[in-house]
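Shown next, in structure tokens, is the structure this report addresses.
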Amino acid sequence: MPAIDTATHDTAADRHRLNVQALAWKKRSRKIARLRLIFPGLIIGMIGLMIVWIVVQSVINSMNVYTTSGEDIRMTNPFYTDRSRNGERYEMRGLEAVRKGRNSQIVSLTAPRLEIRSENSRPSSLEGAAGVYDDTRRRFTVNKDVTLSSGNGMALRTQAADVDLQNAVISGDAPVEGRWQTGSVNAQGFRVEQNGRKVVFYGKPGQQVTGTLSGGED
């Protein structure tokens, strides 16, 4: 029986085992090296996202309320709501509001819109190119390209209107054109009460036209 060279066989097995271990160690080393690159990158990325988020929040906040030179305070998309003495709810909006001084009660609005709501009636809306709100007197003045849509379907066009917010009364002394389903009227002034249920038109000095509009009646 021939002799078996066990020493040669063991040496080959040892080499194979060493090669396998070396390959495994190299794979682990490469994996550890990748992780050492990935983890710092993730941390840096998270820090970057936090910085971006802080900057974005600051920009958004600055677009809502911001202070210009002096004491002027500006606000984009302002919204104000309250109730009149009789319980009518009104909402005031605009593209921009400017308060002249931190303690001032006067606010100028760009493209204002006012809605007056009362029970059992559709809301009335008043819009214009510019407006001034006096918080002390609870008065709101709208100027240039003023349109009024009352709860009963009447529409008015004029160049100036004054709103008594305490009593929910809208009036104006500029020429006005009024239209509704059953007719129209041209006048030199107007007064709207009770969310459009009562409307008074004024003509030349010494002449006056009044009417109560309800539904399709004039």
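The values are calculated or read from the model by the stated rules, or taken from the named source; none is laboratory data. Being a predicted model, the structure only gives us computed values, none of them experimental. Cβ coordinates were reconstructed from backbone atoms using ideal geometry, including for glycine residues, and neighbour counts include every protein chain displayed.
Here are the numbers:
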quantity	calculated
Members of segment 91-126 found to be under 16 Å from residue 165 (Cβ atoms) and acidic (Asp, Glu), listed by number	91, 115
Tally, over segment 128-140, of residues that are over 19 Å from residue 75 (Cβ atoms) and in a strand (DSSP E or B)	1
Flag for residue 173 being closer than 27 Å to residue 74 by Cα and either at pLDDT 85 or above or in the same structural domain as residue 83 (by TED's automatic domain parsing) (or both)	no
Qualifying residue in segment 72-90 (condition: assigned to a loop (DSSP other than H, G, I, E, B), hydroxyl-bearing (Ser, Thr, Tyr), under 30 Å from residue 165 (Cα atoms) and modelled with pLDDT of 75 or more)	yes
Qualifying residue in segment 116-125 (condition: part of a strand (DSSP E or B), without any contact (Cβ under 8 Å) to a residue 24 or more places away in the chain and in the same structural domain as residue 202 (by TED's automatic domain parsing))	no
Tabulated pairs, segment 176-192, first within 12 Å of residue 202 (Cα to Cα), second surrounded by fewer than 13 Cβ atoms within 10 Å (Cβ to Cβ) and among the charged types (D, E, K, R), C-beta under 7 angstrom, 6+ apart or interchain	188/204
Hits in segment 190-218 (condition: more than 19 Å from residue 161 (Cα to Cα) and at pLDDT 70 or above)	none
Any chance residue 187 is of a type in the set (A, V, I, L, M) and at pLDDT 90 or above	no
Matching residues in segment 105-115 - criterion: being without any contact (Cβ under 8 Å) to a residue 24 or more places away in the chain and over 25 Å from residue 194 (Cβ atoms)	110, 111
